[in-house]
Amino acid sequence: MKKANVSSAGGRFELKEQPIPEPGRGCVRMKVQACGICHSDALTKDGTFPGILYPRSPGHEIAGLIDALGADTDPWKIGDQVGVGWHGGHCGRCDSCRRGDFTTCVKLQIPGISYDGGYAEYVCVPTEALAHIPDGLRAEDAAPLMCAGITTFNALRHSGAKPGDLVAIQGIGGLGHLGIQFASKFGFETVAIGLGTDTEELALKLGAQTYLDAEKQEVSKKLTALGGARVILATAPDGKAMGTLIDGLGVNGRLVLIGVTPEPFAVSAFQLLEARKSIGGWPSGTSKDSEDTLKFAAAHGVRAMIETYPLDHVADAYERMISGKARFRSVLKM
């Protein structure tokens, strides 16, 4: 089989022929049909995630067919179309797992980091990482939903917002363009916050009722004039903007961070106390959360905007995604 490896931190992709792996106990082998490229794949490519053993094949937005079963893999069957995301397995023994909170497992397994991921024609994964892909959802459409999709879907449905509430999506990129679609389909009064006028037409087409240009408008004042946001989903957090964005929240409003930035941002206690505002983050979710995401997306027409590439062009596909030139997700098709 073909597999794209990184031999060391910061190394180049190396496309090699390797033996097809055999699944161990509690694992299945997937024939990969598509694998999304996520910004988090840089953790493997650049070696910034601790403890990665090289060579390693990245990829945690995997869609494919089960083609071999290890022992103790009921009820999964050969031929099942399945996806695997950031949650690639858990220990089942730590405090988080014992409470059923598998996403925060202290030994969480991540495809492409803990074991080889989906930049390959075949991959073996634990059964607890598997999510059924609904009929009619193409593999290349399902793949980016396994991380970008579940992250936005899960954060919004756990945000505390209800249908009719004002929800703002900050950033209109790989996460944000999905967040707008989910927020609209959830029945939220959806506001998109972007930079420049070029993305306004797209934001409205995706389902936003209002577009705010952060380059020309004081976003917090505009949100306040609309009644204040119940939730602001920050998909492209900016240390300079986040502190003032909080002022656009309404009473009991919540700023939910799902994008990653190393920059700190300043918030005063007064900003939070005045109207019981809060700040929180939301990491991905479990395989069952991924199933919920896939079912909802299939039923309501939520799709990522993708560029597809063959595995042979993995370096080009990765560069397009990481540089921000792709609009909005790069997907490898096997």
Please determine whether any residue of region 276-289 is in contact with a Pro (Cβ under 7 Å, 6 or more places away or on another chain) and either surrounded by 21 or more Cβ atoms within 10 Å (Cβ to Cβ) or closer than 26 Å to Gly83 by Cβ (or both). no
I'd like the residue in region 171-198 that is polar (S, T, N, Q) and closer than 21 Å to Pro144 by Cα and, out of all such residues, is surrounded by the most Cβ atoms within 10 Å (Cβ to Cβ). Gln181
Which one is surrounded by the fewest Cβ atoms within 10 Å (Cβ to Cβ), of the residues in region 199-209 that are in a helix (DSSP H, G or I) and not acidic (Asp, Glu)? Lys205
Out of Ala317, Ala297, report the one residue that is farther than 21 Å from Val123 by Cα and either in contact (Cβ under 8 Å) with a residue 60 or more places away in the chain or basic (Lys, Arg) (or both). Ala297
Is there a residue in region 36-43 that is modelled with pLDDT of 95 or more and surrounded by fewer than 16 Cβ atoms within 10 Å (Cβ to Cβ)? no
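Each row is one residue, and each column tells you yes or no for (1) touching a Ser or Thr at 6+ places or on another chain (Cβ under 9 Å); (2) within 14 Å of Leu130 (Cβ to Cβ); (3) not in a loop (DSSP other than H, G, I, E, B).
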position	(1), (2), (3)
Lys16	no, no, yes
Met30	no, yes, yes
Asp41	no, no, yes
Phe49	yes, no, no
Ala63	no, yes, yes
Ile66	yes, yes, yes
Ala71	no, no, no
Gly83	yes, yes, yes
Gly89	yes, yes, no
Expected output for region 251-273 (first residue under 26 Å from Asp41 (Cα atoms), partner of a type in the set (Ser, Thr, Tyr), Cβ below 7 Å, 6+ apart or cross-chain) is Val256/Ser159; Ile258/Thr151; Ile258/Thr152; Ile258/Thr235; Gly259/Thr235
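The values are calculated or read from the model by the stated rules, or taken from the named source; none is laboratory data. Just so it is clear, the structure is predicted and the values come from calculations on it, not from any experiment. Neighbour counts run over all protein chains shown; Cβ positions are idealised from the backbone, glycine included.
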